[in-house]
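Participant: Pasting a structure here, questions to come.
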Amino acid sequence: EPDRLVMVTLFGELVVGMALAGCAVTAGLAATAACYVLAGAGACAMQIAWGAALALSTPEDRRGRQLAGYNAVVRMAASAALGVGGLLLAWVGPRGVYLVSGAGSVLVAVLAGLIWTGRAAVHRGKTTSHILNNGTN
């Protein structure tokens, strides 16, 4: 079901953000390594769910173009993130970079989740309204 795949994607982003923020406050190597493992698990869940959602929602004859566009956006965002991360490193230091990037990921996941659930609620309301109006005719 596409809604569940989107929610798994957003949850994966949330986990990545929390793990990055965790790297900002950990002091030891073992705790930092645990945060990296957690971030990797979140990223894997996010990639698998998003890839499945994209494959399910795209007609087969357009799937290659859709995936190429998606990959181009991901690569461009990664390049931009490296530039922004470099600037942040000079401004707030390594722990600050982890904290800002983690908080940004959590914020994106929460806002996207709220938008998605609101959109889904509106869609369900329209469907219910349509069913009710057709039932009275």
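The values are calculated or read from the model by the stated rules, or taken from the named source; none is laboratory data. Nothing here was measured: the structure is a model prediction, and the numbers come from that model. All Cβ positions, even for glycine, are placed from backbone atoms using ideal geometry, and neighbour counts span all protein chains on display. Just the protein is used for accessible areas: all its heavy atoms, side chains included, with ligands, DNA and RNA removed. Shrake-Rupley method; radii C 1.70, N 1.55, O 1.52, S 1.80 Å.
Residue-wise test of (1) modelled with pLDDT of 90 or more; (2) loosely packed, with under 10 Cβ neighbours inside 10 Å; (3) out of contact with any helix residue (DSSP H, G or I) (no Cβ under 9 Å at 6 or more places or on another chain); (4) under 24 Å from Pro2 (Cα atoms).
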| position | (1), (2), (3), (4) |
| --- | --- |
| Ala24 | yes, no, no, no |
| Ala43 | yes, no, no, yes |
| Ile48 | yes, no, no, yes |
| Ala53 | no, no, no, yes |
| Leu88 | yes, no, no, no |
| Arg119 | no, no, yes, yes |
| Ser129 | no, no, yes, yes |
| Asn134 | no, yes, yes, no |
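Participant: Could you check how many residues of the stretch 93-109 are farther than 15 Å from Ala39 by Cβ and either at pLDDT 95 or above or not in a helix (DSSP H, G or I) (or both)?
Facilitator: 1
Participant: I'm trying to understand the selection: among the residues of the stretch 90-106, which are surrounded by fewer than 15 Cβ atoms within 10 Å (Cβ to Cβ) and without any contact (Cβ under 8 Å) to a residue 40 or more places away in the chain?
Facilitator: Ala90, Trp91, Val92, Gly93, Pro94
Participant: Output yes when any residue across the stretch 58-79 is outside any helix (DSSP H, G or I) and in contact with a helix residue (DSSP H, G or I) (Cβ under 7 Å, 6 or more places away or on another chain), and no when none is.
Facilitator: Yes, there is a match, as at least one residue in the stretch 58-79 is outside any helix (DSSP H, G or I) and in contact with a helix residue (DSSP H, G or I) (Cβ under 7 Å, 6 or more places away or on another chain).
Participant: Next question, about the same structure. Give the residues of the stretch 3-22 that are more than 10 Å from the chain's Cα centre (by Cα), open to solvent by 60 Å² or more (accessible area, probe 1.4 Å) and in contact (Cβ under 8 Å) with a residue 60 or more places away in the chain, sorted by residue number.
Facilitator: Asp3, Met18
Participant: Within the stretch 71-86, track down each residue that is open to solvent by 60 Å² or more (accessible area, probe 1.4 Å) and over 19 Å from Leu20 (Cα atoms).
Facilitator: Matches in the stretch 71-86: Asn71, Val73, Arg75, Met76.
Participant: List the number of the failed condition for Gly113; all other conditions in (1) within 18 Å of the chain's Cα centre (by Cα); (2) farther than 18 Å from Val15 by Cα; (3) at pLDDT 90 or above; (4) open to solvent by less than 60 Å² (accessible area, probe 1.4 Å) hold.
Facilitator: (2)
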